[in-house]
Amino acid sequence: MNDQNIVGERRTYSDVANTHDHSFAQLILPLQGTLFINTTIHQLELNESRLFFLPPQCQHTFYARDTNEFLVLDIPSFMLSGEEGTQIQNGLSLQLDERWNAIRLLILSEINASIAHSNLTPLFHHAYILLQREYMPRSLQFIHANFHQSIELKQLANLEGYNLTYYCKWFKQRTGMTPKTYLQTLRLQKAKELLMDSDRSILQIAQQVGYEHHSSLTRLFQQHENITPIGYRQQIRMLEKEKQKFG
């Protein structure tokens, strides 16, 4: 595969068992039939009801016994980021629900309609967010769902069943950050998205991401980005205009 771009294809599999691994990840979405996949911890019958994410360097055996067709994305390893990406060591199998059915349809449409497949990367990024959320421990899921509210450290520790001291150590080992820094980073990212995609005031955005006063958001931006929220919005929109002008 191309080491820089996602490859998306409709593929069929034979009844000959094949065992290997590869440097790229795969997202395998069923269209029809059954694919048998075995890893160190998985023994799957992948049919119309389930999908499978296979991480890089994960040895696996696969074969089929009936007429089959699968939608497969080959994903370069550099596109996998975050702690959850490094932790899905042996793959992740999920129910093919309405969200994934919609993603499958969009990917299929892109593959059928385009030779360049330029929209596969943003589609995969959306899918990867869902994969990461499925793997997230309960306390991280809680932070992502409630970042705009006041969150107590004890509340997070209780979700994992740990005491405060151990939870803080566990959290730092897992994410590379303290819970406070993780929450600040998440709020900063959400604020950036709102600054780019909306015309809300700085106070409105601050309150939407969990701060009572706009000055708190301003301090966060100056600390991490060395710029004010207003300056960030102006900078991003200027770059966007330049891109449209020359692109």
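The values are calculated or read from the model by the stated rules, or taken from the named source; none is laboratory data. Here the structure is a predicted model, which is why all the values come from computation and not from measurement. When we count neighbours, we look across all protein chains shown, and the Cβ atoms used for this are built from the backbone with ideal geometry, even at glycine. These area figures cover heavy atoms from the full protein model, side chains too; ligands, DNA and RNA do not enter into them. Shrake-Rupley method; radii C 1.70, N 1.55, O 1.52, S 1.80 Å.
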| Calculated log₁₀ intensity ratio I(q)/I(0) where the Debye formula runs over C-alpha points of segment 109-212, q = 0.11, 0.12, 0.18 Å⁻¹ | -0.48, -0.55, -0.95
| So what is the relative contact order of the chain, in percent, for Cα pairs below 8 Å that sit 6 or more residues apart? | 14 percent
| field | Equivalent-ellipsoid semi-axes of the chain, from the Cα gyration tensor, Å, largest first | value | 38, 25, 15
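Taking only protein heavy atoms and a 1.4 Å probe, what accessible area per residue, in Å², does the chain have with all protein chains in place?
Value returned for the chain: 57 Å² of accessible area per residue.
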| Net charge over other residues, Cβ less than 12 angstrom from the Cβ of ASP15 (K, R count +1; D, E count -1) | 0
| task | Heavy atoms only, probe 1.4 Å: what % of the accessible area of the chain goes to carbon and sulfur, would you let me know? | result | 48 percent
| remark: Listed by chain and number, the residues whose amide H is under 5 Å from that of LEU31, excluding neighbours fewer than 5 places away on the same chain and using placed H, are GLU69, PHE70, LEU71
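Quick one: which of LYS180/LYS241; LYS154/LYS190; LYS180/LYS243; LYS190/LYS245; LYS172/LYS192 span more than 30 angstrom between C-alpha atoms?
Beyond 30 Å between Cα atoms: LYS180/LYS241; LYS180/LYS243.
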